[in-house]
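The values are calculated or read from the model by the stated rules, or taken from the named source; none is laboratory data. Here the structure is a predicted model, which is why all the values come from computation and not from measurement. Methodologically, a virtual Cβ is constructed for each residue, glycine included, from the backbone with ideal geometry; neighbour enumeration extends over all protein chains shown.
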Amino acid sequence: MEILQYYFEPHESSMLDKTWDVAFIGIAIDDRGDFSIKSLNEKAGRVISISYNPETFQVNIDGKVSLFEQEKFSLDNTSNTVVIDLTTLGFIEVLYLMKMLKRSLIHFDALYFEPKSYKKFKSDIPIVQKQYDLSNIVNDFSSLPGFTVVDELYNQKEYLFLTGYEANRIEAAFEYKEEITGQNSHVIFGVPAYNAGWETNALFNNIEVIDVERISGSINYSGATDVKFTFEQIKKIVDALPNENSNLCILPLSNKPMALAAALSLLSFKESTNLLYDHPTNLPSRTEQVGRCHLYCVSWDS
């Protein structure tokens, strides 16, 4: 598999010169989502909306509903050029699309716009000022059809947290699954962050839960927008599993580029990995303005 990475300022025409046959989009809830969908409507021959319902395990693609594991949707032409809008799609929708594209060995691009800023809690208390108001989190962790394993089949399970700004999601995972311990847990921080200084907030917001839970498996760092290196970091942890009866459970609680690396890992190392996810609902206007644009070009091995 090959991953190529490019980034542009949103006003740069070099990014917008590229066109696609098909674009998959979600729902815009902020400035960058509006900008991304507008750009793709101008640059794609066909724009297809997709959403996932975690309560019914159903995927809705342009009004056609099927169960996640059925993979009934496919492109009429496997030579189509495809782009996935990471900015507006959720992690599960992205994983579903990638699974579908990998099955047909359809290469794809993924488009992501950074925000200029994230929404923080309003408070006079300094420690609260560093916390972000991004999602309605119901702590509804669950597995996903096709990415689930029977724990009893493995003599050792390890857990990998890809972290963002919301440390309460990590706390909830420890409460949800008693098998998760500090000793069998690993962390990847998105450092460097989008902008200088932002990594301080990411580290600050997560350091308490890492200390309380005594996470000691391994602490790793990867650029917040560096999909290729994040994928390599995950592969390193998979390769270090003790034996063939070990399994790595991935929890992508991070930004979308790091989550893209998690999805690639789940598809590339299916025998050694599985997924645990909490399905948060992103809040409207959780970010402001439009930052840099990132284009990731993924080519599957034949």
### Summary
Within the range 35-83, the residues that are out of contact with any Leu (no Cβ under 9 Å at 6 or more places or on another chain), closer than 22 Å to Val290 by Cβ and surrounded by 15 or more Cβ atoms within 10 Å (Cβ to Cβ) are Phe35, Ile37, Ala44, Ser49
### Task
Would you please list the contacts, defined by Cβ atoms under 6 Å and residues six or more apart or on different chains, that run from a residue in the range 98-112 that is assigned by TED's automatic domain parsing to the domain that holds Lys256 to a residue that is of a type in the set (A, V, I, L, M, F, W, C) and in a strand (DSSP E or B)?
none
### Query
So which of Leu95, Leu101, Leu86 ends up being at pLDDT 85 or above, over 18 Å from Leu253 (Cα atoms), out of contact with any Pro (no Cβ under 6 Å at 6 or more places or on another chain) and not aromatic (Phe, Trp, Tyr)?
Leu101
### Task
Taking the residues in the range 104-156 that are modelled with pLDDT of 75 or more, among the small types (Gly, Ala, Ser) and not in a loop (DSSP other than H, G, I, E, B) as candidates, determine which candidate is farthest from Ile3 (Cα to Cα).
Ser142
